[in-house]
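Participant: Encoded as structure tokens, here's the structure I'll be asking about.
Where a number appears in this text, it was derived from the coordinates with a stated rule and is not lab data. Predicted model, so just to flag it, every value in this text is computed and none were measured. So basically every Cβ, Gly included, is an ideal-geometry build from the backbone, and we count neighbours across all protein chains shown.
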Amino acid sequence: MSVPTFGDLAGLASHHLGAATALADGGLPGEGVAASVRPVRGMALTLSHYLGDIAPYDEAEAVTSSQLGTWVRAVVDAREALRLAAGSLRPYAAPILAETTPDGTMAALLDTAAASLAAGRDLLRMHLFTGADGTPLDRSDWAAVVTSAPVTMALLNEIACWSQQLALLTGRLSVAPATEPASVMPVHHGLASACHWLVIADAAIRSSRRTAPVTLPDTGLLMAIPARAVPERQSPQVPETTADLCQGVVTSAIRLRAIACTVAGQAAWSGQVTAESLRWTATAAAVTCHISENILRLLVGEARPGPAGTETLLRGAAEAASHACASWRNVTASWSQMTTETTGLTSPGLPDMGDLIVRLGRLAFDDADWTPTRARQARLRGPANLAFTDEQPTAILAAVHHAADALARVAAADTDTVGTAIRAQRLYAPTRTLPEYLDVPYRYGHATPADTIALLEAYQAATDATTMAAAALDTVAIGLNAPSQVLAAARAATSQGRAPRAAADLPEAEGLPAEPATVQSSGKDPPPPCPPGPVEQGVRDLGITANPLLLLRAQAIDTAGRRLIAEARRAARPSAGRNPARKRPPGRTGETAAQLAAENFPPAAARTIASRARASEAARARPSSLSLAPASARGGTALGV
Amino acid sequence: MDDIETIRSRLTAADQLAGDLPGVLDAAWEAFDLAQAVCLRCGEQATGLFAAFAFAAAAAAQGRQLITTAPSLPPTSGTVTGHVASVAADLDETADGLASLAGALTERLSLAASRADDPGDQAACADAARQARQIYELLAGDPRQ
């Protein structure tokens with residue numbers, strides 16, 4: 001069963017609202033205006049709640065606070081207008097009757113629209129929860145997308161459209177012929193007042209996003225946000241078709257992302273955090289990257305005639321996966337001489353990681369019963385036994401993409417976990433491996449600062465490398481129109497910062513305009529969008545602007561084209577290679593396909609590296625409290641210290 | 001391969017001295033240490049066996065940690081120098097050697113667990129034997145061949 005998305009509910013609401021408006025054009029045979037008031041009022045209230053989620057400030061705060069951006073004030077104004085619209089209708093909203101409204105009537109259509117709008121808000125809110133201090137916290141891996149600046153702007157756009165539709169509807173209802181008793185007349189006044197406020201709400205929202213236009217990919221991403229649902233684990237079976245294997249990998253990846261979201265930050269007390277689990281996870285990550293690299297190289301050979309540069313992008317992604325594999329191997333090596341006081345394979349994500357490896361292995365190797373043992377050693381699949389159908393390469397690419405994306409989140413979560421474990425002094429090293437002259441009378445001592453820093457740096461490097469691999473796959477997925485390209489859009493959106501609902505204590509959210517367009521030089525506005533490349537421009541010239549995925553593919557092709565031209569330029573002028581950085585066009589920093597992808601879709605990896613570097617420097621500068629002091633001074637441990 | 005054989009001989013010799021639990025533990029620690037180093041090296045060279053060697057290395061690292069928790073393990077080892085693993089050109093041959101060593105480890109540690117008086121030694125040996133068994137299962141060749 002597929003998981004419902006926000007788009008499903010928003011589409012349902014828009015469809016029924018549109019149908020009701022059309023019905024109003026033809027009059028209201030047999031039913032009264034009054035029956036429509038309650039669902040209209042409900043929708044106005046729901047829309048005001050949507051805006052309250054985005055800008056959780058009261059009117060006085062919005063007016064007096066100098067820290068809030070203009071757009072936030074406009075959203076607050078729109079919210080208040082919607083409340084007033086609902087208030088205008090309150091005296092005339094009939095109570096809900098027990099019996100259902102007859103199908104096809106305006107009231108029934110509006111009831112469905114109202115219920116869909118409310119369900120849509122619930123769907124978005126289920127990805128967040130409120131912390132003890134009232135701060136919204138992430139409940140799922142989609143939370144960052146829900147609260148991202150681009151998706152917030154796209155949602156505001158939808159709310160403006162719905163407000164406009166409601167204004168149109170209430171305007172028509174307010175002048176509808178009175179087929180009912182004279183006492184109904186006040187309802188018309190109420191509807192006219194509601195129409196007035198709905199128009200104001202629409203105008204306020206539209207003014208709020210003048211400086212941050214909504215793009216179709218942003219709207220597409222908003223519509224793709226799924227309900228928070230974690231699928232059941234699906235253990236590998238024998239045999240499974242290629243489609244089953246790909247779907248199984250995606251399922252495991254979704255589960256791993258959900259688990260990564262819940263386990264981060266528990267290390268200070270959690271018994272689930274063990275060196276054995278973390279080492280096994282790092283090993284599994286290295287194996288996943290290794291198999292992914294092989295699959296991507298297989299896909300290079302299998303690539304059907306497609307967008308220009310597909311092979312180059314696939315090779316770049318394979319290289320990125322190889323680099324990530326090496327980074328994870330460094331993590332396992334760093335764990336070599338360290339342990340925790342708790343033992344066991346206790347991490348909740350391990351079974352899913354195992355499933356992921358087995359299924360990826362069965363995609364890569366010529367053995368339907370492949371397992372990571374020498375006894376089941378098999379050759380990589382080749383042209384003779386690949387036997388792909390037309391759809392399978394993109395499905396396999398999507399599986400690898402999902403795996404890399406999940407791994408990037410696991411890496412970030414484990415990096416946090418290890419950092420917390422180090423701060424909590426939960427890492428130990430056996431004294432047996434120390435030089436004899438040290439003569440430490442205990443079996444274990446605290447891990448040395450040098451070792452813990454090396455471990456943390458290894459995790460940070462693995463996180464960066466895995467994120468780069470996922471970013472490289474973003475570009476390939478878009479180029480090949482793979483079903484996983486929503487991951488690329490999500491990464492691009494989350495890299496642009498969060499809207500205030502997730503950072504209510506901040507003066508303004510990164511990436512959102514704080515001032516009107518006239519003061520853009522303040523530097524607080526997002527950078528202007530890059531001009532479209534020739535392919536994207538060609539698509540737009542054809543008038544095909546309603547298909548965000550097509551536009552994303554065009555952007556990917558432009559990216560690949562720029563890289564090919566850059567390569568050709570280097571080949572034509574070898575001397576330019578002495579200092580290639582000086583030869584790049586302004587704003588271009590990437591050399592590899594992965595870097596190039598990260599530049600364009602998304603910039604997150606570069607940001608991550610920079611932030612990791614800062615964290616690393618901070619860790620070096622911080623006086624460490626870790627030492628080789630006997631752990632027994634703080635009580636015995638399970639390791640017999 | 002010489003290293004693997006040397007460690008295996010030490011393990012056998014220690015086991016033959018009835019009651020030399022510290023000797024068995026010391027040799028087992030060395031064996032796991034060597035197995036981890038060799039597996040990590042082999043993984044760099046083998047596409048088809050990368051996963052098997054990687055997970056075997058993880059099991060070896062865990063086995064070594066478990067042995068360290070045994071109360072009867074000598075606090076220091078006179079032979080710990082850090083293995084510079086030499087890998088045979090034939091990875092199958094290396095895998096066979098490691099599987100054989102893991103099989104011997106499983107056997108000796110299981111026996112040591114049954115003989116040990118200290119519950120800490122019993123648990124460490126039994127748990128480490130399970131890790132050795134896992135290495136064997138990962139690296140043993142296909143019985144059909």
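Participant: Return the long-range amide H neighbours of residue A:365 (sequence gap of 5 or more, or a different chain), with a cut-off of under 5 Å between placed amide H atoms.
Facilitator: Long-range HN contacts for residue A:365: A:381.
Participant: Also, quick follow-up: With equal scatterers on the alpha carbons only and no solvent term, can you work out the Debye log10 of I(q)/I(0) for the stretch A:318-410 at 0.16, 0.18 1/Å?
Facilitator: The Debye formula, applied to the Cα set alone, gives -0.89, -1.08.
Participant: Determine, for A:57, A:92, the number of other Cβ atoms within 10 Å of each Cβ, and report the residues in order from fewest to most.
Facilitator: A:57, A:92
Participant: Here's something else I'd like to know. Explain nothing, just compute: Karplus ³J(HN,Hα) = 6.51 cos²θ - 1.76 cosθ + 1.60, θ = phi - 60°, for every residue of the stretch B:102-111 in order, whole Hz, x for Gly and Pro.
Facilitator: The phi angles translate into 5, x, 5, 4, 4, 5, 5, 6, 5, 5 Hz.
Participant: Count charges around residue A:345 for me, please; just the other residues with Cβ under 10 Å from its Cβ, Lys/Arg as +1, Asp/Glu as -1.
Facilitator: 0
Participant: Oh, and also: Which far-off residues, 5 or more places away or on another chain, put their amide H under 5 Å from the one on residue A:444, with H placed in the peptide plane?
Facilitator: A:431
Participant: Additional query: Amide H to amide H, which residues 5 or more places from residue A:128 or on other chains are under 5 Å from it, using H placed in the peptide plane?
Facilitator: A:139
Participant: Sorted from fewest to most neighbouring beta carbons within 10 Å, what does the list B:125, A:195 look like?
Facilitator: Going from least to most buried by this count: A:195, B:125.
Participant: Moving on to the next point. Dipole of the stretch A:329-376, Cα-centred, from +1 at each Lys and Arg C-beta and -1 at each Asp and Glu C-beta, to the nearest 20 debye?
Facilitator: 160 debye
Participant: Follow-up question, since we're still on this one. Determine, for A:152, A:21, the number of other Cβ atoms within 10 Å of each Cβ, and report the residues in order from fewest to most.
Facilitator: On the way: A:152 31, A:21 20.
Ordered from fewest to most neighbouring Cβ atoms within 10 Å, A:152, A:21 come out as A:21, A:152.
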